[in-house]
Amino acid sequence: MLILVMVLMLLCLAGAGMLFVGLRGLLAGRATIYSGKWLFALIALCFLPQFINGLKLLTSVPSMAIINIVLYPFLLLVFWFATKGHICFGISEETANDALNGAFEKLGLKHEKALGSVRAEDGGIFQISIQDWVGTMQIKPKNREAKARMAGLVAALSDHFSASTAKIRYLPYWIYALCGGLLLASLLVLAGLLLGRPHKNMVPPEQPAQGQRTVRQNIAPFYFG
């Protein structure tokens, strides 16, 4: 029971985080930027119950348990590289270019764009990956100079998004809001089912043995003939 409660709490945190990302973007109506570490934590929470279930099945179903236990660190490793840097939501290729130009201009840095990267005049190289149809942009520092500039670039991008009136892509926000909402709703339904089940420690009423009559059955003919 304790493990089940822990799993429900972890999934609840993951669902609440996804719902927050989605609703924040939908209500604000602007692009937003998040650290990849924050998104990595959300993904880790979503898959953690699978790992816990693997530990639980280790003694009863070892083959299935080993698959779940090995799969979890493998997924974490994949998403660790996939969520490096910072990720912008609600952004198109056009608004991404405008945001980068505005951010570097605010930092007072000249820059030049290449295929999939931006090189600043101080030597910093940033890897840029834009998924226009999804509405996301990922920024990763590629060298030491870029890492030193990353915090300032993120702050400049956030200021640019706050002041921008350009149209945004709502698709990533709808996806996060829908997934988070469905996860929380399913958890509520599951919690209701669990609370509605009788506790296994409850003692059922004693049933009379076959051929035995209860006291009420014995006295019924006396009163009612």
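The values are calculated or read from the model by the stated rules, or taken from the named source; none is laboratory data. No experiment lies behind these values; they were computed from the predicted model shown. Here Cβ is always computed from backbone atoms with ideal geometry, including for glycine, and neighbour counts include all displayed protein chains.
Table: residues versus (1) buried (at least 19 other Cβ atoms within 10 Å of the Cβ); (2) at positive phi; (3) free of Cβ contacts under 8 Å to residues at least 12 places away in the same chain; (4) assigned to a strand (DSSP E or B).
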site	(1), (2), (3), (4)
Leu26	no, no, no, no
Tyr34	no, no, no, yes
Leu42	yes, no, no, no
Ser63	no, no, yes, no
Phe74	no, no, yes, no
Leu100	yes, no, no, no
Asp122	no, no, no, no
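Has region 155-162 got any residue that is under 19 Å from Leu26 (Cα atoms), at pLDDT below 90 and surrounded by fewer than 14 Cβ atoms within 10 Å (Cβ to Cβ)? Let's see the steps before the verdict.
We begin by selecting, within region 155-162, every residue under 19 Å from Leu26 (Cα atoms); these are 157-162.
Cutting the leftovers down to at pLDDT below 90 gives us none.
No, because not a single residue in region 155-162 is under 19 Å from Leu26 (Cα atoms), at pLDDT below 90 and surrounded by fewer than 14 Cβ atoms within 10 Å (Cβ to Cβ).
Can you go through Phe126, Phe81, Phe51 and tell me which one is surrounded by 17 or more Cβ atoms within 10 Å (Cβ to Cβ) and within 21 Å of the chain's Cα centre (by Cα)?
Every option except Phe51 fails the conditions.
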